[in-house]
Amino acid sequence: IDFRARFLWRLIILGVFGYFHSLLYVGDFLMVFAVLGIPLIFLYKVNIKYLVVIAVLLFLQIPTLYNLLHSALNPEFIYKQDWAFDDAAIDIYANGSLLEVLKFNAFSGQVAKTMFVFHSGRYLDMLGLFICGLIIGRIKYFENVEQNNSLTKKIFLFSTVSALIFYSLRVIVP
């Protein structure tokens, strides 16, 4: 059964709910999830090996690595993150009426959230995680939990060690 049309319909509904919720809370990510879910429709029939490669490339945060390398090679380089969020926006949230917040979040807040997702590289991580979910579903991982017990333990160990290493680096590197 080809579920792609129904999945797109559900993404549209998710996006609509997300937009209305983001009028009150601009940090809502449902709209972002809806937009980032669209590529899954095109990746639905792609071989698992290629999906793994795509997910790994997304997790590598290549644009961030490029900026890191660029700043290491050129000390004068400053990466400017245009978050589209300024003091006026903070003032609206702190002192504005509900109507002012709704007006701001209707467009400017959406732009600010989109710029944050883009400049922080979160869209790459989220899309990579979505692809991992597609892979997990394809291999029916949760339908065979007992058979995957060894793999689950290896993933847990790898994740724990990685988390400790990255947390240590975060504390050590300013």
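The values are calculated or read from the model by the stated rules, or taken from the named source; none is laboratory data. Just so you know, these numbers come straight off a predicted model, no measurement behind them. Backbone-built Cβ (ideal geometry, glycine too); neighbour counts: all protein chains shown. The area values use the complete protein model at the heavy-atom level, side chains included, leaving out ligands, DNA and RNA. Shrake-Rupley method; radii C 1.70, N 1.55, O 1.52, S 1.80 Å.
Worth pointing out:
- Within the range 13-28, residues that are free of Cβ contacts under 8 Å to residues at least 24 places away in the same chain have Cβ atoms under 8 Å from residues that are among the acidic types (Asp, Glu) and surrounded by 13 or more Cβ atoms within 10 Å (Cβ to Cβ) in these pairs: 18/28; 21/28, counting only partners at least 6 apart in sequence or on another chain.
- Test: residue in the range 70-90 that is within 21 Å of residue 137 (Cβ to Cβ) and surrounded by 13 or more Cβ atoms within 10 Å (Cβ to Cβ): no
- Sole residue being surrounded by fewer than 13 Cβ atoms within 10 Å (Cβ to Cβ) and part of a helix (DSSP H, G or I), chosen from 134, 129, 169: 169
- Per-region count, the range 45-62, residues of a type outside the set (Val, Ile, Thr) and loosely packed, with under 14 Cβ neighbours inside 10 Å: 6
- Residues that are open to solvent by less than 70 Å² (accessible area, probe 1.4 Å) and among the aliphatic types (A, V, I, L, M) were ranked within the range 19-37; the one that is farthest from the chain's Cα centre (by Cα) is 23.
- Among the helices (runs of 4 or more DSSP H) confined to the range 58-109, the ones with at least 1 residues that are polar (S, T, N, Q) and touching a Leu at 6+ places or on another chain (Cβ under 9 Å) are located at 62-73, 98-106.
- Of the criteria (1) open to solvent by 60 Å² or more (accessible area, probe 1.4 Å); (2) within 24 Å of residue 114 (Cα to Cα); (3) not aliphatic (A, V, I, L, M), which one residue 4 fails: (2)
- Residue match in the range 8-25 (condition: at pLDDT below 95, of a type outside the set (A, V, I, L, M, F, W, C) and not in a helix (DSSP H, G or I)): yes
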